[in-house]
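Q: Okay, here's the structure, questions in a sec.
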Amino acid sequence: MLTYIDKIRQIAEGFLKEGTVDMVIGFRRGTLPLMNEPCLIKRPEDVKKLVWDSNCGINLANYLTNRKEKIGIVAKGCDSRNIVNHIIENKIKREQLFIIGVPCKGMIDRHAIEALFPSEIEEVVEDESRIVVTGGGVEQIWSKAEVLQENCTICIHRNPVVYDELVADLVVEQKDVDRYEDIRRIEGISPEEKRDYFNDLLSSCIRCYACRNACPLCYCPTCFVDASRPQWVGKSQDPTDIETFHFLRAFHCAGRCTDCGACERACPMGIKVRVLTKKLEKDCLELFDWETGMDVEKRAPLRTYSPDDPDDMIR
Amino acid sequence: MLFKNLIEYMGLEPGRLHFSWISSAESTKFVEVVNEVTSAIKALGPRKSMVKTPLTDIKDKATEHVDIH
Ligand code: SF4
Ligand code: SF4
């Protein structure tokens, strides 16, 4: 995956020189290890800033919303599906985009590494299969497979679904993945246990809204959590307010979430917020045979009506 | 459907949230549904979570606290 970078730079430079695009959206090295950050490259000589490794877990589709320029964008599987969703929701036009497709092999779980590493992380180096973390005089080595983000271990769309150029051959998609084991377990417990589970899960939430900000789906001019007239949801740390926020945030992603994991990655408290969006994703698949972002011609379940939509909960 | 599934997934007991489609001409159905909903909810009893502590209660507790010290 590390070899991708030359190709990404080469394509980006070509696009910018020819004037095919006004800017390229990609990743540059972050100020902290494990945290590459998005960047907008406008001049061909700046393409050397672009990087690619296993710390590119942010979803770049988030930076496309309502842009008017012609844009080259680096897109792994999940980014590409969110780009499709953006096109469907008229947040960007396909004609404006030149998609640099990146066949993905999974991103590293920064929360896992931070939890496992005994000291402050100073440097992270990786090769094709391993990552080496150093800091405070300690060095630790993991195989990448051990420390992948959870959504990457169960990902079945690693290859971009739309692209104009590819930086490498497509990777083999993971087969026979059980995507919903954790969700089924929660579905199976009693209402009291569910209540306790979610109270506990969300108790450390500080309402910073990083999960919302990182998500390409959350582009409303005024988010329901920020509105004060009317105030849709309490702004306090009361468990019910927190739960309401999370319930609604997830529900707004129904039929739109690609399980890209950007929300979970962004959370400073390491809360597994995907437990909620994944339930919706599972239901959309089971009830509406729907997978997000696979086809620009198809409309999401909550935007369409069909006489055979499941409705057995209506009396 | 997605809404109901998600809220029950988060711990709302089945039987507390009801959906119905009743035309203005269906008075009998309206009565039936209202009776069904009320008895289902009575059977479940008062809800314990997803209920916000009213500010007045918090204030009472705070004053109690001050009194003790
Ligand atoms: S809710 Fe999370 S996993 Fe889903 S699209 Fe948004 S950032 Fe990605
Ligand atoms: S990012 Fe984490 S702490 Fe911040 S609002 Fe979301 S869940 Fe809560």
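The values are calculated or read from the model by the stated rules, or taken from the named source; none is laboratory data. Values in this document were obtained by computation on a predicted structure and should not be read as measured data. FYI the Cβ positions are ideal-geometry reconstructions off the backbone, even for glycines, and counts take in every protein chain you see. Ligands, DNA and RNA are stripped out before the accessible areas are found, and what is left, the full protein with its side chains, is counted by its heavy atoms. Shrake-Rupley method; radii C 1.70, N 1.55, O 1.52, S 1.80 Å.
Q: Treating only the Cβ atoms of Lys and Arg (+1) and Asp and Glu (-1) as charged, compute the dipole magnitude of region A:178-303 about its Cα centre; round to the nearest 20 debye. Before the final figure, lay out the partial values.
A: Working: 20 positive and 21 negative charges, 98 e Å.
Approximately 460 debye in magnitude.
Q: Which whole number gives the average, over all residues in A:195-205, of C-beta atoms from other chains lying within 10 Å of the residue C-beta?
A: If you average over the peptide's residues, the count of other-chain Cβ atoms is 2.
Q: Shifting gears a bit: Once a ≥ b ≥ c are taken as the square roots of the eigenvalues of the Cα gyration tensor of region A:178-303, is the result rounded (a/c under 1.5), prolate (a/b larger than b/c) or oblate (a/b not larger than b/c)?
A: It is oblate, given that a/c is not under 1.5 and a/b is not larger than b/c.
Q: Let me ask another. To the nearest 100 Å², how much accessible surface do chains A and B hide from each other in total, with a 1.4 Å probe?
A: In total, this chain pair buries about 2600 Å².
Q: Still on this structure: Count charges around A:D241 for me, please; just the other residues with Cβ under 10 Å from its Cβ, Lys/Arg as +1, Asp/Glu as -1.
A: Computed value for this residue: +1.
Q: Based on the mean of other Cβ atoms within 10 Å per residue, sort peptides A:109-116, A:133-140 so the most packed one is first.
A: A:109-116, A:133-140
Q: Treating the beta-carbon of each Lys and Arg as +1 and of each Asp and Glu as -1, no other charges, what is the dipole magnitude of the protein assembly as shown about its Cα centre, to the nearest 20 debye? Provide the component values of the computation, followed by the final result.
A: On the way: 53 positive and 62 negative charges, 229 e Å.
Once rounded to the nearest 20, the dipole reads 1100 debye.
Q: Another one. Of the cross-linked pairs A:K194/B:K48; A:K272/B:K48; A:K279/B:K52; A:K70/A:K278, which ones have a Cα-Cα span greater than 21 Å in the structure shown?
A: A:K272/B:K48; A:K279/B:K52; A:K70/A:K278
Q: Follow-up question, since we're still on this one. Where does the charge balance sit around B:K29 when Lys and Arg score +1, Asp and Glu -1, over other residues with C-beta under 11 Å from its C-beta?
A: My count for the surroundings of B:K29 gives -2.
Q: Let me ask another. To check you understand DSSP bridge types, tell me what percent of the beta bridges within chain A (both residues inside) are antiparallel, rounded to 5.
A: Numbers: 17 of 27 bridges.
Just about 65 percent of them are antiparallel.
Q: Using the Karplus curve 6.51 cos²θ - 1.76 cosθ + 1.60 with θ = phi - 60°, work out ³J(HN,Hα) for each residue of region A:299-315 in order, rounded to whole Hz, and write x for Gly and Pro.
A: Along region A:299-315, the couplings run 9, 5, x, 7, 10, 10, 10, 9, x, 9, 4, x, 9, 5, 8, 8, 7 Hz.
Q: Gap in Å between the Cα centre of region A:237-315 and the Cα centre of region B:14-34?
A: Spelled out, the Cα-based centre of one part sits 28 Å from the other.
Q: Sticking with this structure for a sec: With each label point set 7 Å from Cα along the Cα-Cβ vector, what nm distance links A:A115 and A:D127?
A: Taking the simple label geometry, A:A115 and A:D127 are separated by 2.9 nm.
Q: On to the next question. Rounded, prolate or oblate for chain A? Axes are the square roots of the Cα gyration tensor eigenvalues, ordered a ≥ b ≥ c, and the cut-off for rounded is a/c under 1.5. Spell out each step's value before the answer.
A: Values: a/c = 1.61, a/b = 1.22, b/c = 1.31.
The shape class here is oblate.
Q: Which value, in debye to the nearest 20, gives the size of the charge dipole of region A:72-207 about its Cα centre, when Lys and Arg are +1 and Asp and Glu are -1 at the Cβ?
A: Approximately 620 debye in magnitude.
Q: Considering the options A:F198, A:N66, B:L12, tell which one lies farthest towards the positive end of the dipole of the protein assembly as shown, charges being +1 on Lys and Arg and -1 on Asp and Glu at the Cβ, about the Cα centre.
A: Looking along the dipole axis, the top candidate is A:N66.
Q: Only helical DSSP H runs with n ≥ 4 go in: add -39500 (n - 2.57) per run for chain A, normalise by residue count and round the 222 nm mean residue ellipticity to 500 deg cm²/dmol.
A: On the way: 10 runs with 97 residues, N = 315.
Using -39500 (n - 2.57) per qualifying helix, the result is -9000 deg cm²/dmol.
Q: Tabulate in residue order the Karplus-calculated ³J(HN,Hα) for region A:79-91, using 6.51 cos²θ - 1.76 cosθ + 1.60 with θ = phi - 60°, rounded to whole Hz; enter x for Gly and Pro.
A: For region A:79-91, the Karplus curve yields 4, 5, 5, 6, 5, 4, 4, 5, 5, 4, 8, 6, 9 Hz.
Q: Let me ask something additional. List the residues of region A:295-315 for which accessible area in the full set of protein chains is at least 20 Å² lower than for the chain on its own; 1.4 Å probe, protein heavy atoms only.
A: A:M313, A:I314, A:R315
Q: Ignore the peptide's own chain and count Cβ atoms of other chains within 10 Å of each Cβ in B:10-19; give me the average, rounded. It would help to have the intermediate numbers written out before the result.
A: Details: counts 16, 13, 4, 5, 2, 1, 1, 1, 3, 4.
Counting Cβ atoms of other protein chains within 10 Å of each residue's Cβ and averaging gives 5.
Q: Highest GNM mean-square fluctuation, chain A, Cα pairs closer than 10 Å: which of A:N82, A:N213, A:N59?
A: Looking only at A:N82, A:N213, A:N59, the biggest GNM fluctuation is shown by A:N213.
Q: Any idea of the accessible area per residue across region B:2-63, 1.4 Å probe, to the nearest Å²?
A: On the way: 4140 Å² over 62 residues.
Value for region B:2-63: 67 Å² per residue.
Q: Cα gyration tensor of region B:2-63, axes a ≥ b ≥ c as square roots of the eigenvalues: rounded (a/c below 1.5), prolate (a/b > b/c) or oblate?
A: Prolate, because a/c is 1.5 or more and a/b exceeds b/c.
Q: Rounded to whole Hz and in sequence order, give me ³J(HN,Hα) for region A:283-289 from the Karplus expression 6.51 cos²θ - 1.76 cosθ + 1.60, θ = phi - 60°, writing x for Gly and Pro.
A: After applying 6.51 cos²θ - 1.76 cosθ + 1.60, I find 4, 4, 5, 6, 8, 10, 6 Hz.
Q: Further question on the same structure: Using protein chains only and a probe of 1.4 angstrom, how many square angstrom of A:S204 are accessible, to the nearest 10?
A: It works out to around 50 Å².
Q: Now for a different question. Once Lys and Arg get +1 and Asp and Glu get -1 on their Cβ, which of B:A25, B:G45, B:T56 lies farthest toward the positive end of the dipole of region B:2-63?
A: Looking along the dipole axis, the top candidate is B:T56.
Q: Rank-order A:239-246, A:255-262 by packing density, defined as the average count of other C-beta atoms within 10 Å over each peptide's residues, highest first.
A: The peptides rank, most packed first, as A:255-262, A:239-246.
Q: Let me ask you something else. Under 12 Å from the Cβ of A:I92, count the other residues' Cβ atoms, weight Lys and Arg +1, Asp and Glu -1, and hand me the total.
A: +3
Q: Connecting C-alpha atoms closer than 10 Å in a GNM of chain A, tell me which of A:K279, A:K76, A:K17 has the biggest fluctuation.
A: A:K17
Q: Could you check the simple spin-label distance between B:I7 and A:I206, using points 7 Å along Cα→Cβ, in nm with one decimal?
A: In this crude spin-label approximation the distance works out to 3.1 nm.
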